[in-house]
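Enquirer: Quick one: structure below, then a few questions.
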Amino acid sequence: GAGVSQSPRYKVAKRGQDVALRCDPISGHVSLFWYQQALGQGPEFLTYFQNEAQLDKSGLPSDRFFAERPEGSVSTLKIQRTQQEDSAVYLCASSLGGWDQPQHFGDGTRLSIL
Amino acid sequence: AQSVAQPEDQVNVAEGNPLTVKCTYSVSGNPYLFWYVQYPNRGLQFLLKYITGDNLVKGSYGFEAEFNKSQTSFHLKKPSALVSDSALYFCAVRILYNTDKLIFGTGTRLQVFP
């Protein structure tokens, strides 16, 4: 398909483990975004890339969260030493980057920390 | 502070009747406003946007939204609701100053009854 692809769709980890979540944006999309959606809430911004440059990481909750996009395409969100409060759906979005372009979302990764 | 409010947690409407899902915003500068829909276990799907121009914006699946600057509102509307419209709807404002991110409302669950 031509949409944003995220993997895995579901991830269960024990508290203290490290996890890595992958996002494949729509081909040609310059901008890439990560959001965290807690149960029953709207998505909350985590971080934003333009090509390989991480231009805003102000939404990352702690230094346990790290995101990268080394070649300006695929992105990985890594969470170290997971805590129960990290349980949420992590959504990735991409856009063409123009000021009038909408963000297109993937189906998300549901992360459960036991 | 930039914010979006969706005052109704749930909206119930009979199939064939018009529907309105309310959204108000608070931003400095010109607002860039979006509506997204979320089906169970799926990501957010773009419906429509207001960037500039006509106050009535038409989007996907027969939805439209009316931008009202004096009331700082951007209500989502549809003339005739379908049972398949039942989903979670999010209003969002795009922030472009020193970043590129969406700030979402808390969402409104639309229930269309046959």
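The values are calculated or read from the model by the stated rules, or taken from the named source; none is laboratory data. Note that the coordinates shown come from a computational prediction; the quantities given were computed from them, not determined experimentally. Methodologically, a virtual Cβ is constructed for each residue, glycine included, from the backbone with ideal geometry; neighbour enumeration extends over all protein chains shown. What goes into the accessible areas is simple: the full protein's heavy atoms, side chains included, and nothing from ligands, DNA or RNA. Shrake-Rupley method; radii C 1.70, N 1.55, O 1.52, S 1.80 Å.
Enquirer: Sum up the charges of everything whose Cβ sits under 12 Å from the Cβ of B:Pro31, counting Lys and Arg as +1 and Asp and Glu as -1, but leave B:Pro31 out.
Expert: Here the count lands on +3.
Enquirer: Using only alpha carbon pairs under 8 Å that are at least six residues apart, calculate the relative contact order of chain B and give it in whole percent.
Expert: Numbers: 278 pairs, mean separation 41.1, N = 114.
Over chain B, the number comes to 36 percent.
Enquirer: Translational diffusion coefficient of the stretch A:1-90 at 37 °C, 0.692 mPa s, Stokes-Einstein with Kirkwood Rh over Cα pairs, in µm²/s as a whole number.
Expert: Rounded to a whole number, D works out at 242 µm²/s.
Enquirer: Lysines within cross-link reach of B:Lys101: Cα-Cα under 16 Å, excluding same-chain residues under 8 positions apart?
Expert: Candidates past the 8-residue exclusion: A:Lys57, B:Lys49.
Enquirer: Return the carbon/sulfur percentage of the accessible area of chain A, one whole number, probe 1.4 Å, all protein chains in place.
Expert: 46
Enquirer: How much net charge surrounds A:Gln6 when only the other residues with a Cβ under 9 Å from the Cβ of A:Gln6 are counted, with Lys and Arg +1 and Asp and Glu -1?
Expert: 0
Enquirer: May I ask you to give the solvent-accessible area per residue for chain B, in square angstrom, as obtained with a 1.4 angstrom probe? It would help to have the intermediate numbers written out before the result.
Expert: Details: 5550 Å² over 114 residues.
Averaged over the residues of chain B, the accessible area is 49 Å².
Enquirer: Let me ask something additional. Place a +1 charge on the Cβ of each Lys and Arg in the protein assembly as shown and a -1 charge on the Cβ of each Asp and Glu, then give the dipole magnitude about the Cα centre in debye, rounded to the nearest 20.
Expert: Details: 21 positive and 20 negative charges, 77 e Å.
Computed about the Cα centre, the dipole is about 360 debye.
Enquirer: How big is the dipole moment of chain B about its Cα centre under a simple scheme where the beta carbon of each Lys and Arg is +1, that of each Asp and Glu is -1, and everything else is neutral? Debye, nearest 20, please.
Expert: With only Lys, Arg, Asp and Glu charged at Cβ, the dipole is about 200 debye.
Enquirer: Can you give the Rg and Dmax of the stretch B:7-60 based on its C-alpha atoms, in angstrom?
Expert: Final numbers for Rg and Dmax: 13.4, 38 Å.
Enquirer: Report, as an integer, the average count of C-beta atoms from other chains found within 10 Å of each Cβ along B:41-53.
Expert: Partner-chain Cβ atoms within 10 Å, mean over residues of B:41-53: 4.
Enquirer: Give, rounded to the nearest 20 debye, the magnitude of the charge dipole that the stretch B:2-61 has about its Cα centre when Lys and Arg contribute +1 at Cβ and Asp and Glu contribute -1 at Cβ.
Expert: That gives a dipole near 180 debye.
Enquirer: Determine, from the Cβ-Cβ distance of A:Lys14 and A:Trp99 and an R0 of 41 Å, the FRET efficiency 1/(1 + (r/R0)^6), rounded to the nearest 0.05.
Expert: For A:Lys14 and A:Trp99, the calculated efficiency is 0.45.
Enquirer: Now, a different point. Give the calculated FRET efficiency between A:Arg22 and A:Gln80 to the nearest 0.05, with a Förster radius of 25 Å applied to their Cβ-Cβ distance. Present the calculation step by step, with values, prior to reporting the outcome.
Expert: Numbers: r = 16 Å, r/R0 = 0.65.
Step by step, r from the Cβ atoms, then E = 0.95.
Enquirer: Mind checking A:34-44 for the average number of partner chain beta-carbons within 10 Å of each residue's beta-carbon?
Expert: Counting Cβ atoms of other protein chains within 10 Å of each residue's Cβ and averaging gives 4.
Enquirer: OK, next. What percentage of all Cα-Cα pairs in the protein assembly as shown are separated by more than 23 Å?
Expert: Here the tail beyond 23 Å accounts for 48 percent of pairs.
Enquirer: In square angstrom and rounded to 100, what buried accessible area do you get between chains A and B, total over both, with the probe at 1.4 Å?
Expert: Summed over both sides, the interface buries about 1900 Å².
Enquirer: So which residues of the stretch A:81-114 lose at least 30 Å² of accessible area, probe 1.4 Å, when you go from the chain by itself to every protein chain present?
Expert: The answer is A:Trp99, A:Asp100, A:Pro102, A:Gln103, A:Phe105, A:Asp107.
Enquirer: Per the Debye formula with a single identical scatterer at each Cα and no solvent contribution, what log10 I(q)/I(0) holds for chain B at q = 0.17, 0.18, 0.19 Å⁻¹?
Expert: -0.77, -0.86, -0.96
Enquirer: Shifting gears a bit: Apply 1/(1 + (r/R0)^6) to the Cβ-Cβ distance of B:Asp9 and B:Asn68, taking R0 = 35 Å, and write down the FRET efficiency to the nearest 0.05.
Expert: For B:Asp9 and B:Asn68, the calculated efficiency is 0.95.
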